[in-house]
1. Scan ALA65, ALA93 and give me the residue that is open to solvent by less than 40 Å² (accessible area, probe 1.4 Å) and touching a residue at least 40 places away in the same chain (Cβ under 8 Å).
2. For segment 212-263, what are the residues that are over 21 Å from GLY318 (Cα atoms) and acidic (Asp, Glu)?
3. Condition first: basic (Lys, Arg), open to solvent by 10 Å² or more (accessible area, probe 1.4 Å) and at pLDDT below 95. Can you find one or more residues in segment 143-155 that meet it?
4. Determine which member of the set ALA155, ALA111 is under 19 Å from ASP84 (Cα atoms) and in contact with a strand residue (DSSP E or B) (Cβ under 7 Å, 6 or more places away or on another chain).
5. Tally up the residues in segment 4-24 that are within 19 Å of LEU44 (Cβ to Cβ) and not polar (S, T, N, Q), please.
6. Conditions first: (1) open to solvent by 70 Å² or more (accessible area, probe 1.4 Å); (2) closer than 24 Å to ILE67 by Cβ; (3) of a type outside the set (Asp, Glu). ALA124 passes all but one, so which condition is the exception?
7. Of all residues in segment 307-346 being in a loop (DSSP other than H, G, I, E, B) and open to solvent by 10 Å² or more (accessible area, probe 1.4 Å), which is nearest to ASP228 (Cα to Cα)?
8. Is segment 285-297 home to any residue that is open to solvent by 10 Å² or more (accessible area, probe 1.4 Å) and out of contact with any Gly (no Cβ under 9 Å at 6 or more places or on another chain)?
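The values are calculated or read from the model by the stated rules, or taken from the named source; none is laboratory data. Computed from a predicted structure; not experimentally measured. Please note: Cβ atoms are built from the backbone with ideal geometry, for glycine as well, and neighbour counts cover all protein chains shown. Heads up: the accessible areas ignore ligands, DNA and RNA and are worked out on the full protein's heavy atoms, side chains in. Shrake-Rupley method; radii C 1.70, N 1.55, O 1.52, S 1.80 Å.
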Amino acid sequence: MMAKSYVIAARRSPIAPRNGAFAAMSLADLARPIVLQVLADAHLTPADVGELIVSNALGAGGNPARIVALGAGLQERVAGLSVDRQCAGGLDALLIADALIRAGQHDVVIAGGVESYSRRPLRAQTFADGRPSAPYDQAPFTPWPDRDPDMAAAADDLARMLDISKADQDALAVQSHARARAASHPELTPLAGISRDPFTRDLTLRHCDRAPVVSGTITAANMAVAADGAAFVVMVSERIAAKLGARAVAFVAGCTVGADPELPGIAPIAAIETVLAKAALTPADLLRAEVMEAFAVQAIACQKGAQLPEHIVNPQGGALAWGHPVGASGAVLAARLYHHLCQTNGAGLAAIAAAGGIGTAIVLRAD
């Protein structure tokens, strides 16, 4: 029988817009309380952890996972593994953890992501004579500038291609905020005196009409705000799950696929179809789907393109209502999915798009 991995704890911080509540906090400051909380939830100690996998998209190199591991008091032997697949990295961290556990390398792995949009370093290229270029915000995601669109422009192109109106996008944004305000969020751990997502508000269509235009139909209201935050899960082997007697949710399948870099918003569709086939499931078999809302149009396109029943997608709101802490966003989805499945029996999906035309999806199951 093939070895399995299980999620036995999952938490996230509140998500705060950049230059807001968490602006002064380092990556280690953001991650440490969440790492310690998931260990406490799992009834494990730092000495039990074999590896820590951390997704981070904007930290500009180094090994953030090592900094987080040391800052959280994990054993020095935990080297820390950093992942940069941009928005998809938070879910990819779970895929790597699953592979390490199934291969017998570790029994306990913490996986997730952390992002400080507020404290990201300036990026600049160096010319041949050593002079730095002007700072830039978006790194290149393809070797072809004409096939490497600005993310908001790509979202607007997708809206035109699929005939998704601004009204449709605004309606989803309003719904996302309303759902998030009405829901409880058991996966949330207070941080720095903040116990809720500060961006979530009573958004109305009138607000949407007055929101600044970013690109065509894309406005500040129907795209996720850049944000700071962290999210982590504890994944363990079947032996450890049985020993602890915890509420274990099985990691059934996961995949990451590349697609058209000019249409990054719909890359998750292929990932969703692939992971459901691996899990021998159909969209109708799912109890819940946490789908990233980097842009309202992207969330609509993925829900329809993957034929996910509308009522199971983000029923407690999504990133439109709290924000997009890039490298942590996939792990936020996983934490939310885990806590829902802890209350029921069945399968759920988390899926996310990333710049460059990348989609990642995972399936978890509670029995």
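1. Among ALA65, ALA93, only ALA93 is open to solvent by less than 40 Å² (accessible area, probe 1.4 Å) and touching a residue at least 40 places away in the same chain (Cβ under 8 Å).
2. GLU238, ASP260, GLU262
3. yes
4. Exactly one of ALA155, ALA111 is under 19 Å from ASP84 (Cα atoms) and in contact with a strand residue (DSSP E or B) (Cβ under 7 Å, 6 or more places away or on another chain), namely ALA111.
5. Residues flagged as within 19 Å of LEU44 (Cβ to Cβ) and not polar (S, T, N, Q) within segment 4-24 amount to 8.
6. Tallying (1) open to solvent by 70 Å² or more (accessible area, probe 1.4 Å); (2) closer than 24 Å to ILE67 by Cβ; (3) of a type outside the set (Asp, Glu), ALA124 fails exactly one: (1).
7. GLN316
8. No: segment 285-297 contains no residue that is open to solvent by 10 Å² or more (accessible area, probe 1.4 Å) and out of contact with any Gly (no Cβ under 9 Å at 6 or more places or on another chain).
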